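Asks: The structure's right below; bear with me while I get my questions together.
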Amino acid sequence: MKSDNPFKQHLDTVTATISLACRRFKRPLESVSLLAVSKTKPVDDIVALASLGVQNFGENYLQEALHKIETLQDLKLTWHFIGPIQSNKTQSIAHYFDWVHSVDRLKIARRLSEQRPATLPPLNICLQVNISEEPTKSGCSPHELPLLIKQVSSLPNITLRGLMAIPQATDDFEQQRIPFKMMSALLNQAQQDGYPLDTLSMGMSSDIEAAIAEGATIVRVGTALFGARNYPPNK
Ligand SMILES: *Cc1c(COP(=O)(O)O)cnc(C)c1O
């Protein structure tokens, strides 16, 4: 029975957060889409959320993701890879995913383009920007971005859709907005430079509203939908 779905209340809460933020910051509701981050969560949880109409799922760990994608292939879900990418992972990512949010260097983009099967549509790509310039974080630096956009845009089997960021965490709403505003400015600059980008992948469970305030088009939500993760910590 649908009413027994343990995720319904979580989804209703997240959907309400998104729609309130859209109203408050004068964004059309359709301009923000929800990516459910299912890393570390079992297949049954994904099935439960999918039965409520969630279509897009994000995964960080390749082996875990491939198992889920294969098990759930009949559901025709849209899969997004959002974790750090080593070169030896690009082949499987290019075959099994629809989107990759975490491309941060040309070498990885080239491999994804070369390895994308010709039978599939181009792979949707976002470039990850280390917007808070944290030494330990993935992502290209903001000043490297214009060249990377130029190079990645010319690759054949991928479509550069936009930018992604995971800013340094803070609980303060106004502080949360600062890096998101910088991301928005980077996207605007790229659009002015002639690149037809339409995606800002930013905002997680604890900063959805700030991301929407600054123009997020995809919010990546894990904990608020699925509950806390048991492993690994801080991922
Ligand atoms: C885990 C993760 C998320 C989801 O984070 P929550 O705080 O659980 O919503 C979003 N984006 C990326 C890249 C992640 O690794």
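Asks: Specify the residue with the greatest mean-square fluctuation among N56, N188, N88, computed from a Gaussian network of the chain linking alpha-carbon atoms under 10 Å apart.
Replies: Of N56, N188, N88, the Gaussian network model singles out N88 as fluctuating most.
Asks: Where in region 51-79 does the label zone of K8 land, with the point 7 angstrom along Cα→C-beta and an amide N cut-off under 20 Å?
Replies: Zone members listed by number: 51-55.
Asks: Separate question: What GluC sites (Glu not before Pro) does region 39-138 have in DSSP loop regions with at most 15 other beta carbons within 10 Å?
Replies: Values: sites: E59, E64, E70, E114, E133; in loops: E133.
Here the GluC sites (Glu not before Pro) that fit, given the DSSP loop and packing criteria, are E133.
Asks: Can you list residues whose amide H is under 5 Å from C140's amide H, if they're 5+ apart or on another chain and H is modeled 1.01 Å from N?
Replies: It is Q128, V129, N130, by chain and number.
Asks: Cα centroids of region 94-146 and region 34-89: how far apart, whole angstrom?
Replies: Using only Cα atoms, the two centres lie 18 Å from each other.
Asks: I would also like to ask the following. For region 147-216, what relative contact order do you get, as a whole percent, if you take Cα pairs closer than 8 Å and at least 6 residues apart?
Replies: Details: 71 pairs, mean separation 25.9, N = 70.
Computed value for region 147-216: 37 percent relative contact order.
Asks: What is region 1-62's relative contact order, in percent, from Cα pairs under 8 angstrom and six or more apart in sequence?
Replies: It rounds to 36 percent for region 1-62.
Asks: I need the shape label for the chain. Rule: rounded when a/c is under 1.5, else prolate if a/b > b/c, else oblate, with a, b, c from the alpha carbon gyration tensor.
Replies: oblate
Asks: Still on this structure: Please tell me the relative contact order of the chain in percent, rounded to the nearest whole number, where contacts are Cα pairs under 8 Å and at least six residues apart.
Replies: 20
Asks: Here's something else I'd like to know. Between Y195 and S87, what FRET efficiency comes out of the Förster formula 1/(1 + (r/R0)^6) with R0 = 30 Å and r the beta carbon distance, rounded to 0.05?
Replies: 0.75
Asks: Here is a further query. Using a Gaussian network model of the chain whose springs link C-alpha atoms within less than 10 Å, name the residue from K107, K39, K68 with the highest mean-square fluctuation.
Replies: Comparing K107, K39, K68 in the GNM, the peak value goes to K107.
Asks: Which value in nm describes the separation of the simple spin-label points at K150 and T170, placed 7 Å from the Cα toward the beta carbon?
Replies: Each label point is offset 7 Å from its Cα along the Cβ direction, giving 3.3 nm.
Asks: Using a 10 angstrom cutoff on alpha carbons, build the Gaussian network for the chain and name the most mobile of D198, D44, D104.
Replies: Top of the fluctuation ranking is D44.
Asks: A further question on this structure: Can you tell me the FRET efficiency between N188 and D98 if r is taken as the Cβ-Cβ distance and R0 is 22 Å, rounded to the nearest 0.05? Don't skip to the end; give the middle numbers.
Replies: Numbers: r = 26 Å, r/R0 = 1.17.
E(calc), rounded to 0.05, equals 0.30.
Asks: With only alpha-carbon pairs counted, each pair once and no self-pairs, how large is the Kirkwood hydrodynamic radius of region 165-216 in angstroms?
Replies: By the Kirkwood definition, the hydrodynamic radius is 11.2 Å.
Asks: Carbon and sulfur atoms: what percent of the 1.4 Å accessible area of the chain do they account for?
Replies: Result for the chain: 52 percent of the exposed heavy-atom area is carbon or sulfur.
The values are calculated or read from the model by the stated rules, or taken from the named source; none is laboratory data. Please read all numbers here as calculations on a predicted model, not as lab measurements. Reconstructed Cβ throughout: ideal geometry from the backbone, glycine too, with neighbour counts over all protein chains shown. Ligands, DNA and RNA are excluded from the accessible area calculation, which covers all protein heavy atoms including side chains. Shrake-Rupley method; radii C 1.70, N 1.55, O 1.52, S 1.80 Å.
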